[in-house]
Amino acid sequence: MNLGVSLPVFTSDPARPLAVAARAAELGFDGVFSPDHFFPPVFYPPSGSGRPALESFTTLSAVSALHPGLHVGTLVARVTLRAPGLLAKQAAALDDMSGGRAILALGTGDAASKPEHDMYGFPYPPGPERVALLEETVRALRALFDGDAWPGGAQVPPLTGPLLPPGSPALWVGGRSDAVLAVAARVADAWNGWGDDVGGFATKAARLRELANGRAVTPTWAGIALVGETAQDLERLLADRTAKGLSTDGVWTGTAAELRSFVDALGEAGATWFVVLPAGPIDRLDVIAAALIS
């Protein structure tokens, strides 16, 4: 299984994500990923429009230039915020810069991201329209990455290309709804499930295989994890988080040994990537690496 790290981009200091990327490369992780937000949403406290966020493709380009051996990817870029032609150009350029190691994971956005649309003047269509836009965007991008023109459809207008320099990043679709899972099965290279437990992930991975009907598409996992070296260390971390007023909702918590078991179980369910956003002190990336990288 490939191991990835989600970078801390909710900052005004680019040295922070670049330092995490450098440490990830030193420790032997396979890639780094960036969320795509104009400001931190509610599930990344402290959140809100008054908080900074680094732009994802800019950050990943810097990482790629400094660490050419790493995969670099979005997780996820929202199709409601970036026109398909712009996405194609940015992703192809990142793929060329990274020596063919780029991953373009796309999503529809959700209610938590609506304030970003409102603030910057982007439409926020109903869910079914966003899902339709997601699928057509993936189809259009694949055509451009293959060197073909996109003839146009109901959601994405004709795109002729070419993309120069060319690029062909892996196309992932991220999201937990059945509708998005079905899109991944039809058109993506991989599906990403954010924050699922083993049972939920295994159920969705099995459904993905069923919907794909023999088409090659793989499940991947990503999420936030708070990892203690021991049970006592974990207890300390949880107490510190509570004292800061931070919730553990949506955060995987456990010891390093439990993390190893969790990742092994995800692998048995078919996961080809494990992408983690470490919570807690800066040394948690080293704790995770010690548990997962032999």
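Within the range 155-176, can you find the residues that are over 26 Å from GLY99 (Cα atoms), modelled with pLDDT of 95 or more and open to solvent by 30 Å² or more (accessible area, probe 1.4 Å)?
GLN155, PRO157, PRO158
Taking LEU181 as the residue in question, decide whether it is open to solvent by less than 10 Å² (accessible area, probe 1.4 Å) and touching a Lys or Arg at 6+ places or on another chain (Cβ under 8 Å).
yes
With the condition being modelled with pLDDT of 95 or more and either surrounded by 22 or more Cβ atoms within 10 Å (Cβ to Cβ) or among the small types (Gly, Ala, Ser) (or both), I'd like the helices (runs of 4 or more DSSP H) fully within the range 59-154 carrying at least 2 qualifying residues.
Those helices (runs of 4 or more DSSP H) span 84-97, 127-145.
So, of the residues in the range 197-223 that are closer than 30 Å to PRO45 by Cβ and in contact with a Phe, Trp or Tyr (Cβ under 7 Å, 6 or more places away or on another chain), which turns out to be most open to solvent (accessible area, probe 1.4 Å)?
Checked the range 197-223; the qualifying residue most open to solvent (accessible area, probe 1.4 Å) is VAL198.
Among the residues of the range 259-294 satisfying the criterion of being of a type in the set (Phe, Trp, Tyr) and touching a Ser or Thr at 6+ places or on another chain (Cβ under 9 Å), which is least open to solvent (accessible area, probe 1.4 Å)?
Checking each candidate, the answer is PHE274.
Tell me, yes or no, whether the range 249-258 has at least one residue that is part of a helix (DSSP H, G or I), open to solvent by 30 Å² or more (accessible area, probe 1.4 Å) and at pLDDT 95 or above.
Yes, the conditions are met somewhere in the range 249-258.
State the number of residues belonging to the range 20-40 that are more than 27 Å from MET119 (Cβ to Cβ), open to solvent by 20 Å² or more (accessible area, probe 1.4 Å) and either more than 19 Å from the chain's Cα centre (by Cα) or not hydrophobic (A, V, I, L, M, F, W, C) (or both).
Of the residues in the range 20-40, 5 are more than 27 Å from MET119 (Cβ to Cβ), open to solvent by 20 Å² or more (accessible area, probe 1.4 Å) and either more than 19 Å from the chain's Cα centre (by Cα) or not hydrophobic (A, V, I, L, M, F, W, C) (or both).
Only residues that are within 15 Å of the chain's Cα centre (by Cα), under 16 Å from ALA19 (Cα atoms) and of a type in the set (Gly, Ala, Ser): list them for the range 41-82, please.
The answer is SER56, and nothing else.
Could you check ALA290 against (1) at pLDDT below 95; (2) in a helix (DSSP H, G or I) and say which number it fails?
(1)
The values are calculated or read from the model by the stated rules, or taken from the named source; none is laboratory data. If you're wondering where the values come from, they're calculated on a predicted model, not measured in any experiment. Positions of Cβ are backbone-derived with ideal geometry, glycine not excepted, and every protein chain shown enters the neighbour counts. These area figures cover heavy atoms from the full protein model, side chains too; ligands, DNA and RNA do not enter into them. Shrake-Rupley method; radii C 1.70, N 1.55, O 1.52, S 1.80 Å.
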